[in-house]
Amino acid sequence: MNYERWLSLMRAFGYVDNADTCHALLRAYAEPHRAYHTARHIESCLRLLDEYYALADAPHELALALWFHDVVYQPLSHDNEYKSAQLAAHFLRTNGASSALVDRVQGLITLTRHAEAPQTRDEALLLDIDLAILGSELDEYAEYEAGIRAEYGAVPWFIYSRKRAEMLRGFMGRERIYLSEPLRLRFEQKARTNLACAIDRLVGR
């Protein structure tokens, strides 16, 4: 996640540099209350999109959605994705984007609530990329869990552990965590192992 990558994306859309927006995004991802939802997470997502570029029907739209999808992040808020999508929509409208493009990017970002099933191949790919951390190596996954806990540090452990375990069980209960076949083959088994271990730690087993 850097200015050169942003400029490349702006050229792909035929936009001006929009340097002020890029710098505003970078400042947002550097907010001190963030431990996991930082520029590192966005860069990891963008690198995965680079790897699976051929799977996307509209890769530039996916890239823009990834840049914006966590720009608003307050751990105890329930409308982060909605507000992030609104900022992306404002950015696109300011640059003369069509209503259809605005709607697609907004829809992609709001889906990262992971509460609704994707309806398109691009939607599935975006969600799989956002969840790739679940299938990471053990030390990286442990760092992820520690980062999430740090972001929710104000929540007492007995509440946090119950809510977090409940959320992770939701992913475990899915028939498939990853819907894009190449990402499923790469991450599914490891994610289930990581989630099972994390749930055990949360519930004190």
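The values are calculated or read from the model by the stated rules, or taken from the named source; none is laboratory data. What you are looking at is a predicted structure, and each value in this text was computed from that prediction instead of being measured. Note: ideal-geometry Cβ built from the backbone for every residue, glycine included; neighbour counts use all protein chains shown. In case anyone asks, the SASA skips ligands and DNA or RNA and just uses the protein heavy atoms, side chains included. Shrake-Rupley method; radii C 1.70, N 1.55, O 1.52, S 1.80 Å.
One residue alone among 175, 140, 181 is open to solvent by 60 Å² or more (accessible area, probe 1.4 Å), over 22 Å from residue 51 (Cβ atoms) and without any contact (Cβ under 8 Å) to a residue 24 or more places away in the chain, and that residue is 175. The residues of the range 11-45 that are buried (at least 19 other Cβ atoms within 10 Å of the Cβ) and over 17 Å from the mean Cα position of the chain (by Cα), listed by number, are 21, 22.
Residue by residue, here is whether (1) within 14 Å of the chain's Cα centre (by Cα); (2) farther than 19 Å from residue 127 by Cα; (3) without any contact (Cβ under 8 Å) to a residue 12 or more places away in the chain holds:
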{"residue": "47", "(1), (2), (3)": "yes, no, yes"}
{"residue": "54", "(1), (2), (3)": "no, no, yes"}
{"residue": "62", "(1), (2), (3)": "yes, no, no"}
{"residue": "66", "(1), (2), (3)": "yes, no, no"}
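Let's see how each residue does on (1) exposed (fewer than 15 other Cβ atoms within 10 Å of the Cβ); (2) closer than 23 Å to residue 189 by Cα:
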{"residue": "109", "(1), (2)": "no, no"}
{"residue": "112", "(1), (2)": "no, yes"}
{"residue": "125", "(1), (2)": "no, yes"}
{"residue": "130", "(1), (2)": "no, yes"}
{"residue": "146", "(1), (2)": "yes, yes"}
{"residue": "152", "(1), (2)": "no, no"}
{"residue": "156", "(1), (2)": "yes, no"}
{"residue": "162", "(1), (2)": "yes, no"}
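Only one of the listed residues (51, 81) is touching a His at 6+ places or on another chain (Cβ under 9 Å) and open to solvent by 30 Å² or more (accessible area, probe 1.4 Å). That residue is 81.
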